[in-house]
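Derivation of every value follows stated rules applied to the coordinates shown; laboratory data play no part. No experiment lies behind these values; they were computed from the predicted model shown. Using ideal geometry, Cβ is built from the backbone for each residue, glycine included, and neighbour counts are taken over all protein chains shown.
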Amino acid sequence: MSKKLTPEDLQNENEFELLAEVSHQELREFVVEQITKEKYLIRSYSVYQVVMMMLWIFLLTRSIVLAVKGYAEPIIGIGLALLFSFSVLIVIHELLHALAYLLFGARRISFGLNLKKFVFYALADQQVIASRAFHWIALAPLVVVKLICIAGAITFYNEQLMYFFLTIMCLHSLFCAGDMAMLAFYRLHHEKEIYNFDNRSEGKTYFYTRK
């Protein structure tokens, strides 16, 4: 069984090289940088976002037409989903990251936010996360929320809750942009074995690779 790496192990300059040092207060800037550099993953995700927004515009237009005809339930469902998405869903998104951290053995999990930049994140203080685990942690909210929303939309087809679930699914695609950008960083260095750890006291995340 291989030895579990520690932050001190990664800081051994004979074995590891620092790839990036990211301040949690500058996460948005880091995200934008990855989006501008990486092409394939970001383009694929952009197409997915466009599809989700087109679906939501269709749902909104249809709900408005139905409301004019006296059937207000669909537009009420969309309104409730908007409120849910920009409050409870943010918490659920970060909790799913935290659950994924726990499943991969990380502890000392906490949360951070920058309301001015509307940035929210989960972190595992001083816990080294390997590349494969990080991919699952990053994708957990996207996959879980989408599966739940699809199941909900099918279960309540053509009812108010269908509009509720589909609106959440569409809006949540926007919430995952930061996660995709982090994975874009890994794709930019796909030939390297990457490890990262968060330092809560410093407010930074460090990315290292084996030499």
Modelled FRET efficiency - R0 30 Å, T155 with R107, Cβ distances, 0.05 increments: 0.25
0 to 90° range, to nearest 10: angle between helix 160-175 axis and the chain longest Cα axis: 30
Extended-chain gain in nm, criterion 0.36 nm per residue less alpha-carbon gap, M54 and L147: 31.6 nm
10 Å-binned pair-distance histogram of the stretch 33-201 (Cα, whole percent): 10, 33, 33, 17, 6, 1
Acute angle (nearest 10 degrees) that the helix 88-103 long axis makes with the longest principal axis of the chain, alpha-carbon atoms: 40
Using alpha-carbon coordinates, inclination of helix 177-188 to the longest axis of the chain, degrees: 40
Anchor K37: lysines whose Cα lies under 28 Å away (excluding residues fewer than 8 positions away in-chain): K116, K117, K146, K192, K204, K211
Spin-label pair E29/S44, simplified geometry with 7 Å Cα→Cβ offset, distance in nm: 3.0
L80 versus L66: modelled label distance in nm, points set 7 Å from Cα along the beta carbon direction: 1.3
Modelled FRET efficiency - R0 22 Å, D9 with V119, Cβ distances, 0.05 increments: 0.15
Calculated FRET efficiency for the pair R132/L18, C-beta based, R₀ 25 Å, to 0.05: 0.75
